[in-house]
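Colleague: Provided herewith is a single structure, encoded as structure tokens, for subsequent inquiry.
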Amino acid sequence: MYFQLRKVILWPRAGGEPRVVEFEPGMVNVISGASKTGKSAVIPIIDYCLGSEKCAIPVGVIRESCSWFGIVVETIEGQKLLARREPGNQQSTGDMVLLEASEIQVPKAIETKSTNVDYVKSVLNRLAGLSNLEFEPGTTDSFKSRPSFRDLMAFTFQPQNIVANPDVMFFKADTTEHREKLKTIFPYVLGAISPELLQARHELDRLSRLLRRKETELRARQASGATWQREGQAWIRQAIEYGLLSPESLVPEDWPTTLDTLRRILNSDTREAAQTLASMDTVMARLTDLRATETTLATQLNQSRHRLHELRRLDESSDAYGGGLRVQRDRLSLSTWIRDLASDQSNAIFELSDSGRERVDQLCEALGAIEVRLRSHPGIAETLGKETLRQREATQILLDDLNLVRKEIRTLEGKSNAAKEATARNEHIERFLGRLEEALRLYDAADQSSSLHSEIAELRSSIAHLTKLVAEHEIARKLTNALESIESIAGKLIPKLDGEWPEAPIKLIVADLTVKVIRGGRDDYLWEIGSGANWLAYHVAVTLALQWYFLREPNHPAPGLLMYDQPSQVYFPARRTAVDDSGALEPTWRNEDVVAVRKVFDLLDKVVGKAKGRLQVIVLDHADDEVWGQLPNVHLVEEWRGKALVPYEWVPVDGNSI
């Protein structure tokens, strides 16, 4: 992947012109400087702008002085500016700016975000041409998730804590999450697993799940077929019983013959199975008439019973009414006695006033009216009795008629069992044929066993083909060949460095993400070997060998970019004795140290030269041009002695140095 750094940009928090550090593509770019000038912040700034989960830019002056960090990268699509906001008290922020052009003009200030980190990651994934499929279909394990551009940073960055580390060979491989993911993507990066193979894995998973479903369906149909065979024979026996087949018919043992027989039954003439029905027409007609008469009589009987009930209630009300009148008469009879006493002139005791006499007369009149009603009440009671008697007689007649009709129905039904049996038999046959027709319809709709067999055969053939493509032994063979090629390249590079065993071959161990040095009858892991010079030599050789292997494939997803932070640290003397122009202590170099470190730069120079512009190397180091000078492919970016990554005018007067 053509992906090279052109600029690192810092925008000041207090306003003003941004700080821009420019790099040359296809060269070994060197930033040389004293301690505490910000060299070790360059890799975290680039990593942050490339979408890292956390901001590893050192806190202090750099974070406090800058509002945004950015980089300009050269790609096959032109230049791209990736800028990300300083996260403040957060671990990171998703606020980013993405600008694309053939040549980017760095903006003086960034006011607001234009995109987010997830979108930038998707752009980088697209540029790298990475597959969007997981390494294992359907996995929820983050270690087996799809390859991403972020994973490839393991082959790009060698920060100060990694570049000569005996325990960790690759960037961020000291954390479990990145370590396990790096093990997963290693075969992909080395070409043992291709995007086509990942697609084949997912297709194999899909077809395998489909095959299991089809096989389950076939087994269910086969089991259903056995059930159908038993049920079909039962259908045939029932058809013989109903007369739809002759009694001499044999029940077939095989399913195709059984199915043909069932279809023949379905097309048979039911009239031939019910020949005695016509002789029963007279009886059946009489029964129909009797049932209609029974219904009419039952209705009339219910009406008559209702009238009797109403007459009974009316009679009870009449008795109550007569009793009430008699009580009133008895109570008012006193009024006539009082009037008779008052009319007697000799009885001075009961002498009434005019108003009293008027009231007594009124009571006597009321008593007379009640006497009249009592004399008429016996006539009403007699009328009700007559109507009740007449209604009872009519009800009895209806009841007798209904009993006679029901008796005749029972008689006819008792004498026409054959008619009943014929009717029931005909109904049963019709229901039987209806159920048989529906069963055959469902069977025809579900019977696709022949096509299911062909589908299963095709699936098994496709799965067998895909299984060969994704065979683990084939992946292991390709991975072994790739590792042997990288080990061969590294074996040619190690003698050009200051290693202790320049001729000893190495093995790159993916399972442990480290190397073994093969010396005679023993294999030693990197952490078992002493000397920082050895550790540095193997780090440089392996990372260069990997990049050279990647360059063999024109469209390899790994960016053609390598960054080393202070590879000369293993040669520093124990104490600093010199002071540079800015007052910072500088190491005193011995001749052998210069020679050893120059070997590193000389090797970088040769590899970059052979890459013909496709590989860019950036070195951040204390070493000056005494070490790397006069090399044709080495370019001095800046020398940070008396200056730093963050301009001194950005730093408050009481601020700390970088």
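The values are calculated or read from the model by the stated rules, or taken from the named source; none is laboratory data. Since we're looking at a predicted model, the values are computed, not measured. Note: ideal-geometry Cβ built from the backbone for every residue, glycine included; neighbour counts use all protein chains shown.
Colleague: Taking region 598-640 as the search range and keeping residues that are of a type in the set (A, V, I, L, M) and touching a Lys or Arg at 6+ places or on another chain (Cβ under 7 Å), which one is surrounded by the fewest Cβ atoms within 10 Å (Cβ to Cβ)? Reasoning before the result, please.
Modeller: Start the filter on region 598-640 by keeping residues that are of a type in the set (A, V, I, L, M), which leaves 600, 603-604, 607-608, 611, 615, 617-620, 623, 627, 631, 634, 636-637.
Subsequent filtering for residues that are touching a Lys or Arg at 6+ places or on another chain (Cβ under 7 Å) retains 603, 620, 627.
Numbers: 603: 19, 620: 27, 627: 25.
It comes out as 603.
Colleague: Please verify whether residue 116 is out of contact with any helix residue (DSSP H, G or I) (no Cβ under 6 Å at 6 or more places or on another chain) and surrounded by fewer than 18 Cβ atoms within 10 Å (Cβ to Cβ), treating the condition exactly as stated. Before you say what the answer is, go through the steps one by one.
Modeller: Values: out of contact with any helix residue (DSSP H, G or I) (no Cβ under 6 Å at 6 or more places or on another chain): yes; surrounded by fewer than 18 Cβ atoms within 10 Å (Cβ to Cβ): yes.
Considered against the rule, which asks whether it is out of contact with any helix residue (DSSP H, G or I) (no Cβ under 6 Å at 6 or more places or on another chain) and surrounded by fewer than 18 Cβ atoms within 10 Å (Cβ to Cβ), residue 116 comes out as yes.
Colleague: For region 291-327, how many residues meet the condition of being among the hydrophobic types (A, V, I, L, M, F, W, C), at pLDDT 75 or above and either over 13 Å from residue 388 (Cβ atoms) or outside any helix (DSSP H, G or I) (or both)? Let's see the steps before the verdict.
Modeller: At the first step, the residues of region 291-327 found to be among the hydrophobic types (A, V, I, L, M, F, W, C) are 292, 297-298, 301, 308, 311, 314, 320, 325, 327.
Those still in the list that are at pLDDT 75 or above too: 292, 297-298, 301, 308, 311, 314.
This time we only want the ones that are either over 13 Å from residue 388 (Cβ atoms) or outside any helix (DSSP H, G or I) (or both), so: 292, 297-298, 301.
Looking only at that region, the number is 4.
Colleague: Name the single residue, out of those in region 94-128 being polar (S, T, N, Q) and touching a residue at least 24 places away in the same chain (Cβ under 8 Å), that is nearest to residue 1 (Cα to Cα).
Modeller: Filtering region 94-128 down to residues polar (S, T, N, Q) leaves 102, 105, 112, 114-116, 122, 125.
Still in the running and touching a residue at least 24 places away in the same chain (Cβ under 8 Å): 102, 125.
Values: 102: 18, 125: 11 Å.
Of everything passing the filter in region 94-128, 125 is nearest to residue 1 (Cα to Cα).
Colleague: Something else: Against the conditions (1) more than 21 Å from residue 566 (Cβ to Cβ); (2) buried (at least 24 other Cβ atoms within 10 Å of the Cβ); (3) not basic (Lys, Arg), where does residue 2 fall short? Just the number, please.
Modeller: (2)
Colleague: Do we have residue 156 as at pLDDT 95 or above, among the polar types (S, T, N, Q) and over 27 Å from the mean Cα position of the chain (by Cα) here?
Modeller: Values: at pLDDT 95 or above: yes; among the polar types (S, T, N, Q): yes; over 27 Å from the mean Cα position of the chain (by Cα): yes.
The answer is yes for residue 156.
Colleague: Right, another one. Restricting attention to region 43-81, which residues are of a type in the set (A, V, I, L, M, F, W, C), touching a Leu at 6+ places or on another chain (Cβ under 7 Å) and assigned to a strand (DSSP E or B)?
Modeller: Correct list: 66, 69, 71, 72, 73, 81.
Colleague: Any residue at all in region 24-31 that is in contact with a Pro (Cβ under 7 Å, 6 or more places away or on another chain) and either of a type outside the set (Asp, Glu) or not in a helix (DSSP H, G or I) (or both)?
Modeller: In the first step, residues of region 24-31 are kept if they are in contact with a Pro (Cβ under 7 Å, 6 or more places away or on another chain); the result is none.
No - not one qualifying residue is present in region 24-31.
Colleague: Let me ask another. Any residue in region 170-177 that is over 30 Å from residue 45 (Cβ atoms) and part of a helix (DSSP H, G or I)?
Modeller: Step one: list which residues in region 170-177 are over 30 Å from residue 45 (Cβ atoms), which gives none.
No; the residues of region 170-177 include none that is over 30 Å from residue 45 (Cβ atoms) and part of a helix (DSSP H, G or I).
Each row is one residue, and each column tells you yes or no for (1) acidic (Asp, Glu); (2) loosely packed, with under 14 Cβ neighbours inside 10 Å; (3) modelled with pLDDT under 75.
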position	(1), (2), (3)
337	no, yes, yes
364	no, no, yes
421	yes, yes, yes
424	no, yes, yes
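Colleague: Looking at (1) in contact with a Leu (Cβ under 8 Å, 6 or more places away or on another chain); (2) assigned to a loop (DSSP other than H, G, I, E, B), which one does residue 502 not meet, given that it meets all the others?
Modeller: Among (1) in contact with a Leu (Cβ under 8 Å, 6 or more places away or on another chain); (2) assigned to a loop (DSSP other than H, G, I, E, B), the lone unmet condition for residue 502 is (1).
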